Amino acid sequence: MGEGPRRPTKRRSRVPSGRVERLARFGWMAGEMAAGSLAESARRALRGAPSEAASAILSGANAQKLARRLSSMRGAAMKLGQLVSLETDDLLPPEFVEALAVLRDAADTMPATQVRRALGRAYGKGWEERFRSFDMEPIASASIGQVHEAVALDGRELALKIQYPGVARSIDSDVDNVASLLRLARLLPGDLDLSGILTEAKRQLRQEADYLAEAENLRRYRSLVADDPRLVVPLVHADLTTRRVLAMDRLRGLPIEDLAAPETEQARRDAAGATLEHLVLRELFEFHFMQTDPNFANYLVDPANDRILLLDFGSTREFDPKFTHRYAELCRAIVAGDRAGVRRAAQRIGYLAEDESDRRAEGVVDLILLVSEPFRHRGLYDFARSNLAVRARDLGFDLMFRRGFLHPPPPETVFLHRKLVGSFLLCARLGARVDTRALLERFLDAGA
């Protein structure tokens, strides 16, 4: 098979595909973290420094070990590690965040022997005959699969996403085991009931592992945004798509984070931020269908015209119109500064119980109004200058850990929150200024 231009080689490692092997690796990770915590506590004791167990577990050395292991595991294990890595150093120790940041960049890549076996299982013997050329060096590697350039016999330039072996059947056990690791690392309260959220995470990850479902998501989303010239969604090639291999147009662009370069005009940053925020609101209130993985790597920008290229549709969520109507009611109350209206809407959605005490309810209303700051602000909201993450962290920790006011959010909101937070972080990274309140009011005025 022919190969394209060489790129820097990433670390290769075989994907552990057996249930017993993956379980053993989780055991090693837990043991490494425990041993690392003991060693860190001993070092602190020798220096006369505090050796509180939770902070010792959250050491940079432990995070580096965790990141390396999750990167080699791939699958749901790495995906959940990516979610933790989205937190800023306002929530986690800076060295912990820095070490886990590699999970947002790329996973280890499969050796060529595993790639060939995966393609053989998908296409059958003689799969090479389907392509004029196939590049064994991946152009991207993520938690569920890695992407290769290929040219079909008829000249179509393709991006082939090839799923790692074994990740689909290991989702349930991976999610449970990562949750246990996060409790060990004190990133989750030990008595917090996460059963609903973990069930939703497993459902979403099983969907991501079905590339036929992702292909349908791509077709649907491409149709939904066809009227917006600022956005591009790749075309699916059905003849080369299977449940474990997804064939798409090969889109070429620059990482969207390149717009954050100092020489980039502020107007270009603002326009990109406005496009992203407008898209989120369309997804929720117009489409009732949302791409829920705001990983920065899922966005490219075409430098010729600043169109945003949208790449990954494995993680999506369909919203019942009744839910989006309740969310619109919440947003109207938020914009109006109507605390009683926020409380009523929060109860309808499930953030508050009907018999919630006034004290608990007021705390939750405070948090909702705080995190909604970009949509309450009049005029351009400067994402880069905002310290909202710090204030939300402080209030959330106070409500959950000190006062015990918070319980897990309704499962159907988990991935919506993920998209809202990720979009905020992306706009902050770009240094964008957006009149998000005006964008929201257009949808509310239209009867969302």
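The values are calculated or read from the model by the stated rules, or taken from the named source; none is laboratory data. Since this is a predicted model, take the numbers as computed values, not measurements. All Cβ positions, even for glycine, are placed from backbone atoms using ideal geometry, and neighbour counts span all protein chains on display.
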Query - Verdict on residue 336 being small (Gly, Ala, Ser), out of contact with any helix residue (DSSP H, G or I) (no Cβ under 8 Å at 6 or more places or on another chain) and assigned by TED's automatic domain parsing to the domain that holds residue 301 - result: yes
Query raised in the report: Within the set of pairs 6+ apart or on separate chains, which have a first residue in region 135-150 that is assigned by TED's automatic domain parsing to the domain that holds residue 314, a second that is in a strand (DSSP E or B) and modelled with pLDDT of 95 or more, and C-beta atoms under 6 Å apart?
Result: none
Query raised in the report: Out of all the residues in region 308-323, which are closer than 21 Å to residue 223 by Cα and crowded, with 18+ Cβ neighbours inside 10 Å?
Result: 308, 309, 310, 311, 312, 313, 314, 315, 316, 317, 319
Query - Scope region 116-164; condition among the hydrophobic types (A, V, I, L, M, F, W, C) and within 26 Å of residue 204 (Cβ to Cβ); matching residues - result: 118, 122, 139, 140, 142, 144, 147, 159, 160, 162
Requested in this report: Look through 302, 270, 293 and report the one residue that is closer than 30 Å to residue 131 by Cβ, surrounded by 19 or more Cβ atoms within 10 Å (Cβ to Cβ) and assigned by TED's automatic domain parsing to the domain that holds residue 420.
Outcome: 293
Query - Count of residues meeting criterion [assigned to a loop (DSSP other than H, G, I, E, B) and surrounded by 23 or more Cβ atoms within 10 Å (Cβ to Cβ)] in region 166-177 - result: 1
Report task. Just need a number here: residues in region 121-165 that are among the acidic types (Asp, Glu) and part of a strand (DSSP E or B). Result -> 2
Query raised in the report: Taking the condition part of a helix (DSSP H, G or I), among the acidic types (Asp, Glu) and surrounded by 16 or more Cβ atoms within 10 Å (Cβ to Cβ), does residue 329 pass?
Result: yes
